[in-house]
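Have a look at the structure below before the remarks.
The values are calculated or read from the model by the stated rules, or taken from the named source; none is laboratory data. These numbers were taken from a predicted model, which means no experiment stands behind them. Accessible surface is based on the protein model in full, side chains and every heavy atom, while ligands, DNA and RNA are left aside. Shrake-Rupley method; radii C 1.70, N 1.55, O 1.52, S 1.80 Å.
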Amino acid sequence: MIIISKEQEAQILLLLQRNRKIEAVKLVMDAAKCGLKEAKDFIDQFTETRTTSAGGKERSLRENLDAELTSLLLNGKKIDAVKLYKDHTGAGLKDSVDYVNSLQEGEVAPLSRSPLNKRDTQIDEIIKGQQEQKPKTGCFIATVCYGNYDAPEVMVLRRYRDERLMPFLAGRLFVRFYYFISPALAKQLDKSERGKGWVKTNLLAPVVLYIGTKITKNKTITDE
């Protein structure tokens, strides 16, 4: 009978999630000092057990963990994401870094049949959470420049995001990229009144004017 530790079990699970079954078999062979057939049978049984009896629970845990990791990455906290994954799974530092890098690049094979929809759902949930919190001092560029989360200009940008960007894949990818880089930029920008004024006047104002005109024009056409 093959017996492995919890840490080794987490490493096997990670390898299987990344379609590296041969490495998982080798890990079992080294850990249990068994032959190839015994190790392969163990991995097959391990996979079947995870899929049938614990599939739903494992999927839920994995999705929740991925959502937390994605949130940390979008806020520029990659080191925290690596630590969270390492603590949660018991994987080694290198495997944890590799997993977070794969998640950041969109290369992790999800457990659901619809990886794009699942990832989009996670992003939508993060955005919804940020909307519900409505911080008094926003962490994003437009909020910092206009000084209020509910400033009319910021509301125009949010409306454009929700109505014109989020329904489409390219728009969601842009929003994800913006949410990844903007907190650090906004933090630096918040230290300079001159910088905020320049960005507001030369970058945001023309964009808000263009978007506002477009939204108004589309609404008029729809109403007619």
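Summary table below
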| quantity | calculated |
| --- | --- |
| For Tyr210, solvent-accessible area (1.4 Å; no DNA, RNA or ligand), Å² | 140 Å² |
| Arg20 accessible area, assembled protein chains, probe 1.4 Å, Å² | 70 Å² |
